[in-house]
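The values are calculated or read from the model by the stated rules, or taken from the named source; none is laboratory data. The structure presented is a predicted model; accordingly, all values stated were derived computationally and were not measured. Cβ coordinates were reconstructed from backbone atoms using ideal geometry, including for glycine residues, and neighbour counts include every protein chain displayed.
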Amino acid sequence: MPINLNPISDTAVAVQMEGICKSFGPVKALDSVSLTVEPGEIRALVGENGAGKTTLMTVLYGMLRPDRGQLRIAGREVGRDWSPKRAMSAGIGMIHQHFSLVPNHTVLENVLMPQLRWTRLRPEWARHRKTVQGLSEQYGFALPLDGQVGAISVGQQQQVEILKMLYQGASFLIMDEPTAVLTPQQTDALLALLGRLRAQGHTVVLITHKLAEAFAAADNITVLRRGKLITTVPCEHTTPQAVAGAMVERDWSGDVDLRLPERETSWRLEVKDLVVGEDHRQLEVDGVSLAIGPREIVGVAGVAGNGQTELAEALVGLRIARAGTVVLAGQDLSAWSIARRLQSGLRYIPENRHLNGMVADLTLAENLILDRSESPPFSARGVLNRRAMGRAAAETIADYDVRTPSPDVPMSHLSGGNQQRVVVARALASRPRVVIACQPTRGLDISATAYIRKRLVQCASEGAAILLFSSEIEELIQLCHRMLVMYRGRVVGELDASNFDTAIIGLMMSGQVAS
Amino acid sequence: MELDWWLDFLLAVLRAATPLLFCALGVLACERAGILNIGVEGSMLAGALAAVLGAVFTGNPWLGVAAAILTGLLAGLVLAGMTVYLPADQIATGIAFNLVSIGVTSFIYRLLVEGGVRLMAPSLNWGQAGGWLEPLTARLAIIPPLTLLALILVIGVQVLLFSTGPGLLWRSVGESARAAHAAGLSVLRVRSLALLGGSVLGALGGAALTLGWVPTFVDNMTMGRGFIGLAAVYFGRWRPDLMFFACLLFGAGEALAFRAQAMGAGLNPYYYLMLPYVLTLAAVAIVGMAMGPRDAGKPFLRG
């Protein structure tokens, strides 16, 4: 296969999708969607979780066969045998949210792999290397071609994916939530790269639910909602507010009505000189002290990796603290098991629900009572009470607006936002005394985020003490009475709601200012 | 000890290592494509019987090898159908397959053997290979044919896996089926072919056992050699070159067990028979945690 070093505009394809329908069981994922993308544009595909953005693009990429509808590439209708392979040879490449990379292979091997043929025993490694090197430099990537992909940063892995697509001659790139895994700096770099790709004549479809990114990078925005295409508008003719309004059905006003409860003066949770970490290494949590009262939300800000995760895990008992005490309503729980901490009213919303927030193969109803499965009403003498579980599940589904065909489907069948609603519902059920909430709205769409924030505030006003770890400063400013800033395992600053200031918080997060 | 003794011992080690090499290669080929070939033990046993029957009934041990290869293909088809296409659990399927092949081989052997007379297979050597090979085979006579084949295959697979384009594709399927699929490879086809090849290699291991060493069939005669081959792959960190030395080590254990027994060192003979297995266990324990191909054992579902 000839390799095109500069796959410039003459190969760019126009894509037309007409009347695409796709159902998964009773759920209509796509309902007669028609979409046209012109060569050389950056199109943002926005919508809430489960709106059908990804489904629509996997149909275009040939990974899913639509129930109905037509697909025209460069004016010609594609046949029944449309597949990723064919899409790729037509110049369409898709970069999934979870990368399709081989972590144990080198960057070069990953980029080359799709070009190799079983019949070609000795590929021209040297020529390939030169071409890949050239292409990598052309787009300003600084990739170690012989480094293992598993050892480079997520941002660089994404560059490897892009490089792989370009090397295959893709001129139409589909990116599914590319910024979900990136830091703000990496995000800016990616958005700038999209501009360079367009300048080279490439077409990009950017699937996202972050409107700021869509507006920063795209020429046109297409809004999907519940499997239907709502509208396509040029960026310059619309506003984020208008697009947000099109994304959600209910009338949506920018802010949720969050009236913080009046906080009490006693302490519910007191942490003194907590230390987590191993000898001979930088301590992960280096002598943290903090206190939270009932009806209070205290935020913890900080750049990821400065000890927030470890602090949260030490509080719920997932990590053993080396020193320090944790006192809940007068009782020292430092030596308690996780189960005992749960029994005393401590609840946890983990930052990664897939890792330790849910059991994907268990049903929604089962996941909902995981932490209470041994206590009434969900079990009596060791036997589960399915009826009580069903009732609780039905209540939660109605209460938290969880979109699911039934409470008895496996969690893995729900969309990310709905899974998170269940995880949050479990933590906030049964009147918790202390909630350790880690990144509770990460990766969620506007309405799910707003809903979960509202619930947290409600939970606090019912008497809980909430410690909220979040990487979104806006969220902390909106929800918290006080904010702590962590840097290198220490609390370097504490601010009261009256003097929250993003600039100062930012400086504290980088360790430059102490309060 | 004399030089002769050492030469003799070395040949005995090679002879004992040959079946292990085939089995280990059969496991490695599959694991590199993402399949745990637990059924290698069963393929080996089936191959051992097929080789004996083929050799006895045609009178030509080379046709015994051909029979083993055919049996291996059949085993591979069954395993591929179950673990790649259904896909059933690879470990459970492998174990069930091994148990079935113990029963089936014993049954077939009893059907064909009348009056308890053992079938003695002629052993495979260069002599029967045909006169036109004479100039070559005369030099090679000291290395048995199947041992030579195993050595060539070890080198061939090593080169193929790590220095060629298809080798990279092959390893990619084992490391990340998703990435391979996204690159347009047919994961299912690659895995089936690997399983076919792996089962043929296992069956050849059985043929090497009966045609190159013990010239008859006994119930469950492989006695876990397929699993020792599996251990050799782990011990050799999924690389044919290291795996080769692991097989030699385990082969030496077996050869030593026979030797020590013959010399009558005074211990209960069962201690010697235990030696290769204890050695295997110790080796695997020494290696500790080893990371194989990431997607080995995970079924691939399209879509």
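Restricted to segment A:126-149, and to residues there that are at pLDDT below 90 and either surrounded by 13 or more Cβ atoms within 10 Å (Cβ to Cβ) or within 14 Å of chain B (Cβ to nearest Cβ) (or both), the residue that is nearest to A:ALA180 (Cα to Cα) is A:PHE141. Of the conditions (1) more than 16 Å from A:VAL316 (Cα to Cα); (2) surrounded by fewer than 22 Cβ atoms within 10 Å (Cβ to Cβ), A:GLN419 fails just one. Which one is it? Condition not satisfied by A:GLN419: (2).
Look at segment B:100-111: where a residue is touching a residue at least 12 places away in the same chain (Cβ under 8 Å) and a partner is of a type in the set (Asp, Glu) and assigned to a helix (DSSP H, G or I), sitting 6+ places away or on another chain with Cβ atoms under 8 Å, you get B:SER101/B:GLU41.
Which one is surrounded by the most Cβ atoms within 10 Å (Cβ to Cβ), of the residues in segment B:191-206 that are more than 9 Å from the chain's Cα centre (by Cα) and not polar (S, T, N, Q)? Within segment B:191-206, the match that is surrounded by the most Cβ atoms within 10 Å (Cβ to Cβ) is B:LEU195.
The number of residues in segment A:108-125 being within 9 Å of chain B (Cβ to nearest Cβ), part of a loop (DSSP other than H, G, I, E, B) and not polar (S, T, N, Q) comes to 7. Kindly provide the set of residues from segment A:192-221 that are assigned to a helix (DSSP H, G or I) and touching a Ser or Thr at 6+ places or on another chain (Cβ under 8 Å), ordered by number. Within segment A:192-221, A:GLU213, A:ALA214 meet the criteria. Residue check: is B:LEU211 in a helix (DSSP H, G or I), touching a Leu at 6+ places or on another chain (Cβ under 7 Å) and at pLDDT 95 or above? Judged against the criteria, B:LEU211 is not a match.
All conditions in (1) touching a residue at least 12 places away in the same chain (Cβ under 8 Å); (2) facing another protein chain (nearest Cβ under 9 Å); (3) within 25 Å of A:LEU206 (Cβ to Cβ) hold for A:GLY62, with the sole exception of (2). Restricting attention to segment A:95-107, the residues that are within 17 Å of A:PHE172 (Cα to Cα) and at the interface with another protein chain (Cβ under 8 Å from one of its Cβ atoms) total 1.
A quick yes/no check of all residues on (1) buried (at least 24 other Cβ atoms within 10 Å of the Cβ); (2) modelled with pLDDT of 95 or more:
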position	(1), (2)
B:LEU10	no, no
B:PHE22	yes, yes
B:ALA29	yes, yes
B:ARG32	yes, yes
B:LEU45	yes, yes
B:ILE69	no, yes
B:LEU79	yes, yes
B:ALA96	no, yes
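For segment B:273-303, the candidate set comprises residues that are in contact with a Leu (Cβ under 8 Å, 6 or more places away or on another chain) and buried (at least 16 other Cβ atoms within 10 Å of the Cβ); within that set, the residue that is farthest from the other protein chains (Cβ to nearest Cβ) is B:LEU275.
Select the strands (runs of 3 or more DSSP E) contained entirely in segment A:42-107, then report the ones holding at least 1 residues which are under 24 Å from B:GLY165 (Cβ atoms) and within 28 Å of the chain's Cα centre (by Cα).
On the way: elements: A:42-46, A:68-73, A:92-95.
Qualifying strands (runs of 3 or more DSSP E): A:92-95.
Of all residues in segment B:112-120, none are modelled with pLDDT of 90 or more and surrounded by 16 or more Cβ atoms within 10 Å (Cβ to Cβ). When segment B:173-190 is limited to residues that are facing another protein chain (nearest Cβ under 9 Å) and part of a loop (DSSP other than H, G, I, E, B), the one that is surrounded by the fewest Cβ atoms within 10 Å (Cβ to Cβ) turns out to be B:GLY184. The one condition from (1) in contact with a Leu (Cβ under 6 Å, 6 or more places away or on another chain); (2) under 22 Å from A:LEU315 (Cβ atoms); (3) of a type in the set (A, V, I, L, M); (4) surrounded by 24 or more Cβ atoms within 10 Å (Cβ to Cβ) that A:ALA464 does not meet is (1).
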